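Worksheet: one structure, shown below.
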Amino acid sequence: MSVDGEAVRLRTEADEPGWEVDPDDEWGVAVLATVGRQLRLRREAVGMRVVDFAGAVGYGDDLVYKVEGGKRISQQEYLNKADEVLGAGGLISAAWEDVKKVRYPKNVRKLGKLEGKAVEIALYECHIIPGLLQTPEHARSVIGAAQPPYSPDDVERMVAARLARRSVFERSPAPALSFVLEEGVLRRPIGGTMVWRQQLERLLEVGRLHNVVLQVMPMSCDTHSGLDGRIELLKFPDGTAVGRSDGAFNGRTITELKHLRILELRYGTIRAQALSPRESLAFIEQLLGET
């Protein structure tokens, strides 16, 4: 095919960094089915064949069929071009507000929703930098190190989902956020020196926010109540709360008051044994200066 004498290759499903929808994600499947149906009906209403529409938006037939069939998570650019070609007056473009949420796995959307409602978030992490605090490059290195490895598209999908959760820092009124990180985690230069430096700088940036308390558990503390895994607590405006702990409750979500009190006790003990917020920031600054 040529336009103005130059060869043009339509982007196919393999080229497009979109993703298949998880068949177990009922809401995601419904959203994509609805958007796909509207795209197909509007295309047919203006009398365009798939091949003609594909050429007009610059994508291959295979991708168009997948999107219209509700089997493919489209990108914003695709919806914007479809809106323009079909003269939808912004209605198709507006579907991106729902489609973009489907990009993220169901469990991540659920976690993000909880974090978006919480007035307090407390997290102790023993093996990695918490996802809420990770830079894009650090997240990409951590996720990319998994075995068996994820596909490049899946890595990008998971990185995007992790970064979307950082909107919690932009909320108003701001929630109270507390993090305790292990010193050993901060000494592991995941992704190389530059990525590590950027991650340490991000921790300093977040740790200086007025609603954030960031602490480091020093390696000189030989034992504490978080050695068997991460602890997470989220509290909501109505007084309810949810928690998770790798060790005490095998990572399952808990809401029982007596179990939440156990996690609060353990987290409070961990905070008491960790460096103070001021000492912690000074320690991270020292690590940064050593790179």
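The values are calculated or read from the model by the stated rules, or taken from the named source; none is laboratory data. The model shown is predicted, which means the values in this text are computed figures rather than measured ones. For neighbour counting, all protein chains shown are included, and Cβ atoms are generated from backbone atoms with ideal geometry for every residue, glycine included.
A few notes on this one:
- Among the candidates SER141, SER151, SER220, residue that is in the same structural domain as SER245 (by TED's automatic domain parsing) and among the small types (Gly, Ala, Ser): SER220
- First in region 252-269 and at negative phi, second anywhere and of a type in the set (Lys, Arg), Cβ under 8 Å, 6 or more apart: ARG252/ARG244; THR253/ARG244; ILE254/ARG244
- LEU214 vs. criteria outside any helix (DSSP H, G or I), of a type outside the set (S, T, N, Q), out of contact with any Cys (no Cβ under 6 Å at 6 or more places or on another chain) and at pLDDT 95 or above: yes
- Residue, surrounded by the most Cβ atoms within 10 Å (Cβ to Cβ), within region 25-44, restricted to residues that are without any contact (Cβ under 8 Å) to a residue 12 or more places away in the chain and farther than 20 Å from LYS101 by Cα: GLU44
- Per-region count, region 110-131, residues free of Cβ contacts under 8 Å to residues at least 40 places away in the same chain and surrounded by 15 or more Cβ atoms within 10 Å (Cβ to Cβ): 1
- Among the residues of region 205-226, the ones that are exposed (fewer than 12 other Cβ atoms within 10 Å of the Cβ) and either under 22 Å from the mean Cα position of the chain (by Cα) or not basic (Lys, Arg) (or both) come to 5 in all.
- Residues located in region 118-141, provided they are at pLDDT 90 or above and either farther than 23 Å from LEU209 by Cβ or touching a Gly at 6+ places or on another chain (Cβ under 8 Å) (or both): TYR124, GLU137, HIS138, ALA139, ARG140, SER141
- Once region 46-61 is narrowed to residues that are in a helix (DSSP H, G or I) and among the β-branched types (Val, Ile, Thr), the residue that is nearest to GLN75 (Cα to Cα) is VAL57.
- Subset of region 228-252 [out of contact with any Cys (no Cβ under 9 Å at 6 or more places or on another chain) and at pLDDT below 80]: GLY247, ALA248, PHE249, ASN250, GLY251, ARG252
- As a summary of the residue check, SER225 satisfies the conditions (1) polar (S, T, N, Q); (2) part of a loop (DSSP other than H, G, I, E, B); (3) at pLDDT 90 or above except for the one numbered (3).
- Qualifying residues in region 84-102 (those that are in contact (Cβ under 8 Å) with a residue 12 or more places away in the chain and in a loop (DSSP other than H, G, I, E, B)) - the one surrounded by the most Cβ atoms within 10 Å (Cβ to Cβ): ALA95
- Whenever a residue of region 134-145 is of a type in the set (Asp, Glu), its partners that are part of a helix (DSSP H, G or I), lying with C-beta atoms within less than 9 angstrom and at least six residues away or across chains, give the pairs GLU137/MET194; GLU137/VAL195; GLU137/GLN198; GLU137/GLN199.
- Within region 165-189, the set of residues being surrounded by fewer than 18 Cβ atoms within 10 Å (Cβ to Cβ) and either part of a loop (DSSP other than H, G, I, E, B) or not assigned by TED's automatic domain parsing to the domain that holds GLY243 (or both) comprises ARG171, SER172, PRO173, ALA174, ARG187, ARG188, PRO189.
- Those residues of region 186-239 which are without any contact (Cβ under 8 Å) to a residue 40 or more places away in the chain and of a type in the set (Lys, Arg), in sequence order: ARG188
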